[in-house]
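One structure below.
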Amino acid sequence: MTRTVCPPQSAPAVRVRGLNKNFGARRVLADLDIDIRPGEFVALLGTSGCGKSTLLRILCGLDTQFEGEVAVPSRRGVAFQAPRLMPWKRVWENVVLGLSPPGSLADAASVLAEVMLEHRAAAWPRELSGGEAQRAALARALVRQPDILFLDEPFAALDALLRLKAQQLVARVWERHGFSVLLVTHDVEEALLLADRIVLMCDGAVACQMDVTLARPRDVSGPGFGAMRRTLLAWLGVSGDV
């Protein structure tokens with residue numbers, strides 16, 4: 001295992017070479033290579049069990065038992081499918097949780113304003129809706145001023161309308177700050193709406209990649225969207241226009 005820290009302005013922002021990971025006798029990641037450029041939005045797509053979330057956990061530093069080389073920026077933000085807010089801390093305290101030196105209400109307020117949640121700073125997590133809780137989790141990632149943001153299916157539990165609003169919010173925040181993003185998702189349309197590049201994983205390795213050249217802001221009915229969607233679905237073994 002080799003883990004190093006990339007300078008924030010180096011290229012690529014993330015560099016992975018020969019990454020292998022086993023769970024017992026089962027190989028989950030197999031000689032995986034991937035780069036993410038500074039400021040690039042990459043969506044990681046694939047069926048369940050292909051190794052997407054395992055790769056993300058390694059890049060986040062949550063799993064250190066692997067073989068290969070992994071280089072990531074030192075400043076990282078992470079948002080998971082579940083908001084993981086501490087119920088005994090108010091929203092603003094959750095946002096600055098773990099900062100060193102300790103964060104203040106003012107630190108939390110600035111990022112809560114970015115995700116349109118400043119009016120809920122003093123609320124308890126139990127008082128938040130599902131969409132508000134996810135925005136609080138995003139604010140907690142942003143307060144760290146990351147050079148890369150890792151998103152592990154953060155919208156999966158939201159209904160269709162809230163999911164669309166959350167996607168638009170992430171797109172705006174990314175464009176404003178210019179950090180790199182790695183989004184793990186099962187959703188082909190979500191990947192096309194957000195990403196500069198889509199990486200399809202299969203059996204623990206990169207199977208193929210697609211540069212998304214669609215103009216922003218994107219719409220599912222926009223020119224070229226349907227053709228790219230059909231290509232991705234075919235890659236995933238889904239035939240026809242579903």
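Residues satisfying the criterion are absent from segment 218-225 (criterion: of a type outside the set (Phe, Trp, Tyr) and assigned to a helix (DSSP H, G or I)).
Could you grab me the full set of residues in segment 177-189 that are out of contact with any helix residue (DSSP H, G or I) (no Cβ under 6 Å at 6 or more places or on another chain) and in contact (Cβ under 8 Å) with a residue 40 or more places away in the chain? Passing the criteria: Gly178, Phe179, Ser180, Leu182, Leu183, His186, Glu189.
If a residue has to be surrounded by fewer than 14 Cβ atoms within 10 Å (Cβ to Cβ), within 21 Å of Asp152 (Cβ to Cβ) and not hydrophobic (A, V, I, L, M, F, W, C) to count, how many in segment 18-32 make the cut? Residues flagged as surrounded by fewer than 14 Cβ atoms within 10 Å (Cβ to Cβ), within 21 Å of Asp152 (Cβ to Cβ) and not hydrophobic (A, V, I, L, M, F, W, C) within segment 18-32 amount to 1. Restricting the search to helices (runs of 4 or more DSSP H) fully inside segment 80-193 and requiring at least 2 residues that are touching a Phe, Trp or Tyr at 6+ places or on another chain (Cβ under 8 Å) gives 105-114, 130-142, 160-177. Residues in segment 78-119 that are surrounded by 22 or more Cβ atoms within 10 Å (Cβ to Cβ) and in contact with a strand residue (DSSP E or B) (Cβ under 7 Å, 6 or more places away or on another chain): Val78, Ala79. Scanning segment 197-213 for residues being buried (at least 16 other Cβ atoms within 10 Å of the Cβ) and either part of a loop (DSSP other than H, G, I, E, B) or free of Cβ contacts under 8 Å to residues at least 40 places away in the same chain (or both) gives a total of 3.
Among residues of segment 58-72 that are more than 16 Å from Arg15 (Cβ to Cβ), those with a beta-carbon under 6 Å from a residue that is not acidic (Asp, Glu) at least six positions away or on a different chain give the pairs Asp63/Arg57. Among the residues of segment 170-204, those identified as under 11 Å from Leu44 (Cα atoms) and of a type in the set (Gly, Ala, Ser) are Ala191, Ala195. The lone criterion from (1) closer than 30 Å to Ser100 by Cβ; (2) surrounded by 23 or more Cβ atoms within 10 Å (Cβ to Cβ); (3) in contact with a Gly (Cβ under 7 Å, 6 or more places away or on another chain); (4) of a type outside the set (Ser, Thr, Tyr) left unmet by Ala166 is number (2).
Each reported figure results from applying straightforward, stated rules to the coordinates on display, with no laboratory input. In this text, all values refer to a predicted model and were calculated from it rather than measured experimentally. Neighbour counts are summed over all protein chains in view; Cβ atoms, including those assigned to glycine, are modelled from backbone coordinates with ideal geometry.
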